[in-house]
Amino acid sequence: MTVKSNHVTIKGIKDGLVFLLDDKCEFNLLLEELRYKLEHSHQNILTGPIIHVDVKLGTRNVTEEQKQAILDILGQKGNLLVRSVEAPEPETADGTNGLTTMSGIVRSGQMLHHEGNLLFLGDVNPGGTICCTGDIFVLGSLRGMAHAGFGGQEEAVIAASYFAPTQLRISETISRPPDEWENRETSMEFAFLQDGKMQIDKITNIFRVRPDFNVFKGV
């Protein structure tokens, strides 16, 4: 089933919905039409059980504020879980990929997939999964599965405020955490690969693994 208008196309796929957003029109017009479609169209689709959503922005370059504006509109429908946002990856001044911010809860049976680096404000519950091509930073509890460096980036890291995952994966390396992870310190920790093996350390030591991060040294 496809519903099409000037700027927003909604396609039903086997395991969710795809939102195709026009990459040529003025951005505010795009937001207005997206908001209208969610409020006035397809109520039979946009109510009920959780639906995974993939957002495709074509060749449109968007700022983090613009991307968040799209996510905010989609987030007003409680059953829509954004799984991925496809857009040209922004670059920072030093040439590295930017960091996308999302919020919510990844519940059991749900997967959040993202191209690039992700800062997730919320919890990943047991049975939930976050998968990213870059780094994963969870400001909340990581009690499900996290896969960073999807596609072969072995330098990727996984960090969480509360670190009790059921499984970690960086690139192709998989680690099932030991039972004592349930009783670890409350300080924020991160996982990384060293000599092909998964290691865990306090977040304050991340600069030793990732020298590309800027380090605050005080005055």
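Given a Förster radius of 35 Å and the C-beta distance between K77 and S187 as r, what FRET efficiency does 1/(1 + (r/R0)^6) yield to the nearest 0.05?
Approximately 0.45, to the nearest 0.05.
How far is it, in nm, from the label point at I50 to the one at T173 when both lie 7 Å from their Cα along the line to the Cβ?
That separation, rounded to one decimal, is 2.9 nm.
Classify region 99-209: rounded, prolate or oblate, from the alpha-carbon gyration tensor (a ≥ b ≥ c, eigenvalue square roots; a/c under 1.5 rounded; otherwise prolate if a/b is larger than b/c)?
Since a/c stays below 1.5, the shape of region 99-209 is classed as rounded.
In whole percent, and with a 1.4 Å probe on the protein chains, what portion of the accessible area of region 8-86 is carbon and sulfur?
52 percent
If you take every residue apart from E39 with its C-beta less than 12 Å away from the C-beta of E39, what net charge results, scoring Lys and Arg +1 and Asp and Glu -1?
Residues near E39 contribute +1 overall.
Can you give the FRET efficiency to the nearest 0.05 for Y36 and S161, using r as the Cβ-Cβ distance and R₀ = 45 Å?
It comes to 0.75.
Please say if region 8-86 is rounded, prolate or oblate, where rounded means a/c under 1.5 for a ≥ b ≥ c the square roots of the C-alpha gyration tensor eigenvalues, and otherwise the choice is prolate for a/b larger than b/c and oblate otherwise?
Since a/c reaches 1.5 and a/b is larger than b/c, the shape of region 8-86 is classed as prolate.
Provide the gained length on full extension for the span F27 to N214, in nm with one decimal, where the gain is 0.36 nm per separating residue minus the Cα-Cα distance.
In short, 64.1 nm is gained.
Please tell me the relative contact order of region 8-86 in percent, rounded to the nearest whole number, where contacts are Cα pairs under 8 Å and at least six residues apart.
35 percent
So between I13 and L121, what do we pick up on full extension, going 0.36 nm a residue minus the alpha carbon distance?
Net length gain for the segment: 36.1 nm.
State the percentage of accessible surface on region 99-209 attributable to carbon and sulfur atoms; use a 1.4 Å probe and exclude ligands, DNA and RNA.
47 percent
For the peptides 113-125, 198-210, what is the packing order when you average, over each peptide's residues, the other Cβ atoms within 10 Å and list the highest mean first?
113-125, 198-210
The values are calculated or read from the model by the stated rules, or taken from the named source; none is laboratory data. Here the structure is a predicted model, which means the values were calculated and not measured. Positions of Cβ are backbone-derived with ideal geometry, glycine not excepted, and every protein chain shown enters the neighbour counts. Areas reflect the complete protein model, heavy atoms only, side chains present, ligands, DNA and RNA absent. Shrake-Rupley method; radii C 1.70, N 1.55, O 1.52, S 1.80 Å.
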